[in-house]
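Below is one structure, written out as structure tokens, with a few remarks after it.
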Amino acid sequence: MNFLKNFKTLFSETITLLIIGIIVLYVLVTNLGGPDNIWLYLAGLVPLVLVLFAVVGLQLSKKSMAAHLVLLIALFLGAGRALLLALTSFDFSSFSFSATFTLELVINSIIFVYLVLVVLSGLLTNEFKGGLGSSPVVMSAVIAFIFFFFRDGFSGAVLKILPPVVALMFGSPFFAIVLLLAGVADVPFRFLDVVFNGDLLASPISYFLFTAFAFYLIFGAVVGLLKYKK
């Protein structure tokens, strides 16, 4: 138990920043490849860059626990699932694992375990005491959650709204807005893909409604970033 409590203090502030930097660089490099379609490529890359920007910003703002938790929720929960499936793929008949332990799986698993240990350390030492407060960003987060709920369903909405909520809990409305923006930053590029490569008139009314509201959220996020800019 003491090991868990003290885990977040095992590394100096400089070393922790270096670790975050390496993880961010690793995520960026492993996601540089993508579809040949430029609009779909940007639809995947731009939201990722916004999340990574928020993570680095939170770390530099001395909000290390928030940076680690955002990384875990936004980018590495899937790695935890992949690790669990790989470890439980052992087959007694062949006495071997059916899963392939690739280098990517190993690296992602190490990062996942590190992030979980840091977050658990923070929970055990009561670092999660912040509240959402009465910032206008809270209402924006509520509106965004409703949008994500109708567009992506409940589980999708929760996963998209948790990172900005974490930033708000640690008193970072600027990076909360960046993370909210990341949730809809793909929409303009997907819209351009439909315009140039698809049949826009074949799209249902719901597509236009969600797209229009996403543009409204993007506009609100940009205005909010200008207000809270550092």
Q) Taking into account only those residues within segment 65-101 that are within 20 Å of LYS8 (Cα to Cα) and β-branched (Val, Ile, Thr), which is surrounded by the fewest Cβ atoms within 10 Å (Cβ to Cβ)? A) ILE73
Q: Taking only segment 80-124 into account, find how many residues are of a type outside the set (A, V, I, L, M, F, W, C) and at pLDDT 80 or above.
A: 11
Q: Determine if segment 166-187 includes at least one residue that is touching a residue at least 24 places away in the same chain (Cβ under 8 Å), closer than 28 Å to PHE76 by Cα, in a loop (DSSP other than H, G, I, E, B) and among the hydrophobic types (A, V, I, L, M, F, W, C).
A: yes
Q: May I ask you to list pairs of residues, at least six apart or on different chains, whose Cβ atoms are under 7 Å apart, with the first in segment 200-213 being closer than 13 Å to ARG151 by Cα and the second being surrounded by 12 or more Cβ atoms within 10 Å (Cβ to Cβ) and of a type in the set (Phe, Trp, Tyr)?
A: THR211/PHE191; PHE213/PHE147
Q) What number of residues within segment 169-180 are crowded, with 24+ Cβ neighbours inside 10 Å and not small (Gly, Ala, Ser)? A) 5
Q: Under 6 Å between Cβ atoms, at least 6 apart or on separate chains: pull out the pairs that start in segment 1-21 with a residue that is over 20 Å from SER61 (Cα atoms) and hydrophobic (A, V, I, L, M, F, W, C) and end on any residue that is surrounded by 13 or more Cβ atoms within 10 Å (Cβ to Cβ) and at pLDDT below 75.
A: none
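Residue by residue through segment 118-128, note down the ones that are in a helix (DSSP H, G or I) and more than 18 Å from the chain's Cα centre (by Cα). Steps first, answer last, please.
Kept after step one, since they are in a helix (DSSP H, G or I), are these residues of segment 118-128: 118-124.
Within segment 118-128, LEU120, SER121, GLY122, LEU123, LEU124 meet the criteria.
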Q.
As an exercise: evaluate VAL137 against (1) surrounded by fewer than 21 Cβ atoms within 10 Å (Cβ to Cβ); (2) in a helix (DSSP H, G or I) and give the number of the one condition it does not meet.
A. (1)
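Under 30 Å from PHE191 (Cβ atoms), out of contact with any Leu (no Cβ under 7 Å at 6 or more places or on another chain), modelled with pLDDT of 90 or more and not basic (Lys, Arg), is that true of TYR41? Spell out how you get there, then give the answer.
On the way: under 30 Å from PHE191 (Cβ atoms): yes; out of contact with any Leu (no Cβ under 7 Å at 6 or more places or on another chain): yes; modelled with pLDDT of 90 or more: yes; not basic (Lys, Arg): yes.
Yes, satisfied.
Can you give me the number of residues within segment 25-40 that are in a helix (DSSP H, G or I) and without any contact (Cβ under 8 Å) to a residue 40 or more places away in the chain?
As a first pass, look at segment 25-40 and keep what is in a helix (DSSP H, G or I): 25-30, 38-40.
Among the residues that remain, those that are also without any contact (Cβ under 8 Å) to a residue 40 or more places away in the chain are: 25, 28-29, 38.
The number of residues fulfilling the criteria is 4.
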Q.
Which numbered condition in (1) closer than 26 Å to LYS227 by Cα; (2) touching a residue at least 40 places away in the same chain (Cβ under 8 Å); (3) crowded, with 20+ Cβ neighbours inside 10 Å is the only one that ILE143 fails?
A. (3)
Q: Kindly provide the set of residues from segment 146-163 that are free of Cβ contacts under 8 Å to residues at least 60 places away in the same chain and under 15 Å from the mean Cα position of the chain (by Cα), ordered by number.
A: PHE148, SER155, GLY156, ALA157, VAL158, LYS160, ILE161
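The values are calculated or read from the model by the stated rules, or taken from the named source; none is laboratory data. Predicted model, so just to flag it, every value in this text is computed and none were measured. Positions of Cβ are generated from backbone atoms using ideal geometry, with glycine treated the same way; all protein chains shown enter the neighbour counts.
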